Amino acid sequence: MTALPGSSFVRTQPAPVLPPPALSVGPVGWLRANLFSGPFSSVFTLLAIVAIGWVLPGLIRYLFIDAIWSAPDGEACRAPTAGACWAFVTHKFSYFMYSSYPREAVWRVDLTLLMGAILVTWLLLPRAGAKRVGALLFFVAYPVIAFVLLSGMESLGLPKISTDLWGGVFVSLLVSTVGIVFSLPGGVLLALGRRSRLPMVRMASVIFIEFVRGVPLITVLFMANFMLPLFVPENWTPDRLLRPLVGVSLFASAYMAEVVRGGLQAMPKGQFEGAMALGLGYGRMMRLVVLPQALTKVIPGIVNTFIGLFKDTTLVAIVGIYDFLRTVETARLDPTWAGPTISTTGYIFAAFFYFVFCFGMSRYSQAMERDLSRDRSR
Amino acid sequence: MSDQSPPAGATAVNPLYDPRVRGFVYQALLVATIAFLGWQAIANALANMRARNIPTNFDFWTKTSGFDINFTLIKYSAVSTYGDAFWVGLLNTLMVAAIGIVLATLLGFIVGVARLSPNWIVAKLALVYVESIRNVPLLLQLLFWYNAVLKPLPGVRDSVVIPGLFGNPFAYLNNRGLVLPEPRVGQGFWLVQLALLLGVLLAVGFALWARRAQRETGDIKPVWTVGVALVIGLPTLAYFALGEPLTLDYPVLRGFNFSGGLRVLPETVALIVGLTIYTASFIAEIVRSGIQSVAKGQSEAAAALGLRAGPMLRLVVIPQAMRVITPPLTNQFLNLTKNSSLAVFIGYPDLVQIFAGTVLNQTGAAVQVIAITMAVYLAISLVTSLAMGVYNRRFTLRER
């Protein structure tokens, strides 16, 4: 049927497109959809806004406006209107970093931390090449160099420094790095043991893993501190710092083993069979075929274990190690600085430190996860 | 691990390359190493303990402890034995763990659901809570609650008043702890408890009967309404029939202290608050991922079958989400129980503080004390994982 010529009620041109209703697009639409979509939602939104308005200004005033940024001692921070006492943090900063480590030797700590930071960046940046070299340096060479630098070696002109003087941020990082370096291979070995077809190997792995995972870290540290010296010959007393390091490493290995086992279980059987068909023995099958794939699969889980390990390093204070949190605990009781805001300031600073590290690690693992899933969806 | 058996008639494999022989040798080596190390450790420990005059038996268990504990659930004094001290510590640990688990689960479910809320600001607040709490060590949070929040509170006379339902003071918070109204049990209260027990039994019976009736006739009985009515209604009836045998004894400020009421130590408050807030952030993430793991098609199919929002959640979404949520949730409960050992840092008298702390230092029996402490935690987690195993066998998805 053709349009009737001249008939006024038939359009010859399409109607102009109307703008969308103002209430469903733009800022207003967004507000309606996300904040005021119903009576309950509106009530919650208002409550949340009231709560934020109640907390946030006070927090900002406490942290920034009323805060004392520089002061020679705690006098200014004791004023009733004073907020956070950042002067306390800047004043105690080197104590937080190195505790009682001799001040003329702190360059050794700085150098160790710098090398560690470079190696870690190398390993974490996906674009940096030669990962094998980096891993070898980090897992083998770096621990040796760090040990020599930190504890000293007379023949190199570095005076010995007893671990009794070690403390602060660098000990926290040291404990977590040692835990990481030992827990990854330890966890892989335990996970392989748990999935071994040899019953004795399997049983030993299962007993160790379930035992360590069933008890709190504190009791493992107690055991390392009180029982380790009893288990070794009388004339050999393990170092005060070495004992919690052993405890933390064993503890982290058991948790890592379960993560790695998850990855091994997720491997399709064809990978094992394919490797065997190529004539690879057990060692080469695991090293060349299975583990590279299984470990990549569980990178998020591995990083989560690292985060937990990093937070757990605070517990070594129970056996007398001056980790970062312990130095904060000691510094806040200093009578020169004693005041109503000192404890809070110290804890906020410590919380910020731990948050930056843990949040950074979790963000990194999320990014990795996205990369990997993109890889898998191809 | 190629276990190729030689074809018939072929010469026997060199035993050096026979996987069975190899496996046997490896295991023998492993067992020998473990046995050797264990034997060495025990021999060394015995020699060292004898040399240092450390007791090697459990005689200390029945000896008088000589120290007092400021918070006990059972009768205990300085003349009690070390064994009594152990039970006090164990009960204190279990109490904190039980309260913490209940509160953390409630808070965690609320925050987890809020994370998925279509309301932008509510979801963002929940996200901020989860991320900021999860990434800060629990020990730091406990120290914060104890040293920076509860310790600087005003003294008894200037207590912070927590208002009750009708505006009158309900509880008081000061630097000596939290003072709550104490429930006073009157005469005949056991009848109310009996009524509660009866209500629970009847409700369970009704639910069983309703299930059978539904299987046979297809009729759906109001299980929840009747159950709730029985569990709440029966004790309430008994309570009023007996003339309100349970009253709240409100604390009153007299002179320098409160008379009446129930005083909770600041250590206990800090530990429970810290554990609850920390664990809830993990539970929230578990709940969120559990709910998100239920495929959208499930609720769409339920809607297509004509289910309304309530039954859809109850019968389709939540049962499937719970299957994902329960195992990690149990793990968090175990973590909370194990984390309660951080009590030692703020001085709450839990198992580790009393037993692996004071008792160990006084008796010097390090090996025995630490072994018992570890055995307790191990037993708790083994029992929980056994229960989890039973649950998993019952509820895992059975695919055809």
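Numerical summary
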| item | result |
| --- | --- |
| Close pairs (6 angstrom Cβ cut-off, 6 or more residues apart or separate chains): facing chain B (nearest Cβ under 10 Å) and free of Cβ contacts under 8 Å to residues at least 12 places away in the same chain in the range A:352-369, outside any helix (DSSP H, G or I) and aliphatic (A, V, I, L, M) anywhere | A:PHE355/B:VAL136 |
| Set A:ALA135, A:ALA117, A:ALA146: member being modelled with pLDDT under 90 and not assigned by TED's automatic domain parsing to the domain that holds A:THR177 | A:ALA135 |
| Residue within the range B:327-339 that is in the same structural domain as B:PHE144 (by TED's automatic domain parsing), under 24 Å from B:LEU143 (Cβ atoms), in contact (Cβ under 8 Å) with a residue 40 or more places away in the chain and among the β-branched types (Val, Ile, Thr) present | yes |
| Residue ID - farthest from the chain's Cα centre (by Cα), chosen from residues in the range B:72-115 that are surrounded by 16 or more Cβ atoms within 10 Å (Cβ to Cβ) and part of a loop (DSSP other than H, G, I, E, B) | B:SER80 |
| Those residues of the range B:56-65 which are surrounded by fewer than 16 Cβ atoms within 10 Å (Cβ to Cβ), touching a Ser or Thr at 6+ places or on another chain (Cβ under 9 Å) and assigned to a loop (DSSP other than H, G, I, E, B), in sequence order | B:LYS63 |
| Conditions (1) at the interface with another protein chain (Cβ under 8 Å from one of its Cβ atoms); (2) basic (Lys, Arg); (3) surrounded by 19 or more Cβ atoms within 10 Å (Cβ to Cβ); number of the one not met by A:ARG261 | (1) |
| Residue in the range A:251-267 that is touching a residue at least 60 places away in the same chain (Cβ under 8 Å), under 30 Å from the mean Cα position of the chain (by Cα) and in a loop (DSSP other than H, G, I, E, B) present | no |
| Residue within the range A:85-100 that is outside any helix (DSSP H, G or I), in contact (Cβ under 8 Å) with a residue 40 or more places away in the chain, touching a Gly at 6+ places or on another chain (Cβ under 9 Å) and within 14 Å of chain B (Cβ to nearest Cβ) present | yes |
| Of all residues making up the range A:271-296, the number that are in contact with a Gly (Cβ under 9 Å, 6 or more places away or on another chain) and under 15 Å from A:LEU184 (Cβ atoms) | 4 |
| Lone qualifier among B:VAL122, B:VAL102, B:VAL79, B:VAL128 - being facing another protein chain (nearest Cβ under 8 Å) and without any contact (Cβ under 8 Å) to a residue 40 or more places away in the chain | B:VAL122 |
| Meets criteria (of a type outside the set (Asp, Glu) and surrounded by 15 or more Cβ atoms within 10 Å (Cβ to Cβ)) for B:ALA321 | yes |
| Test: residue in the range A:192-211 that is under 20 Å from B:ASN335 (Cβ atoms), buried (at least 17 other Cβ atoms within 10 Å of the Cβ), touching a helix residue (DSSP H, G or I) at 6+ places or on another chain (Cβ under 6 Å) and more than 10 Å from chain B (Cβ to nearest Cβ) | yes |
| Helices (runs of 4 or more DSSP H) lying entirely in the range A:268-340 (those with 1 or more residues that are within 30 Å of B:ASN147 (Cβ to Cβ), within 13 Å of another protein chain (Cβ to nearest Cβ) and free of Cβ contacts under 8 Å to residues at least 40 places away in the same chain) | A:324-331 |
| Residue satisfying condition, being outside any helix (DSSP H, G or I) and either closer than 18 Å to A:THR345 by Cβ or within 14 Å of another protein chain (Cβ to nearest Cβ) (or both), within set A:SER37, A:SER41 | A:SER37 |
| Selection within the range A:213-225 - more than 7 Å from chain B (Cβ to nearest Cβ) and either at positive phi or surrounded by 22 or more Cβ atoms within 10 Å (Cβ to Cβ) (or both) | A:LEU217, A:VAL220, A:LEU221, A:ALA224, A:ASN225 |
| Hits in the range B:275-310 - residues which are closer than 22 Å to B:LEU106 by Cα and either not hydrophobic (A, V, I, L, M, F, W, C) or not in a helix (DSSP H, G or I) (or both) | B:THR276, B:TYR278, B:THR279, B:SER281, B:GLU285, B:ARG288, B:SER289, B:GLY290, B:GLN292, B:SER293, B:VAL294, B:GLY310 |
| Candidates A:PRO143, A:PRO159 - the one that is under 26 Å from the mean Cα position of the chain (by Cα) and free of Cβ contacts under 8 Å to residues at least 60 places away in the same chain | A:PRO143 |
| Residue that is surrounded by the most Cβ atoms within 10 Å (Cβ to Cβ), among those in the range B:195-247 that are among the polar types (S, T, N, Q) and closer than 28 Å to B:VAL185 by Cβ | B:THR236 |
| Helices (runs of 4 or more DSSP H) wholly inside the range A:128-239 that include at least 2 residues being closer than 26 Å to B:LEU138 by Cα | A:169-194, A:199-214, A:217-222 |
| Residue count, the range B:131-152 (criterion: over 15 Å from B:ILE346 (Cα atoms), touching a residue at least 24 places away in the same chain (Cβ under 8 Å) and either of a type in the set (S, T, N, Q) or more than 8 Å from chain A (Cβ to nearest Cβ) (or both)) | 1 |
| Number of the condition not met by B:VAL324 [criteria: (1) in a helix (DSSP H, G or I); (2) of a type in the set (A, V, I, L, M); (3) farther than 26 Å from B:LEU106 by Cα] | (3) |
| Selection count, the range B:145-167, where residues are within 29 Å of the chain's Cα centre (by Cα) and part of a helix (DSSP H, G or I) | 6 |
| Members of the range A:44-72 that are facing another protein chain (nearest Cβ under 10 Å) and within 29 Å of A:ILE342 (Cα to Cα) | A:ALA51, A:ILE52 |
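The values are calculated or read from the model by the stated rules, or taken from the named source; none is laboratory data. This one's a predicted model, so the numbers in the text were calculated from it and none came from an experiment. Note that we place each Cβ from the backbone using ideal geometry, even for glycine, and neighbour counts take in every protein chain shown.
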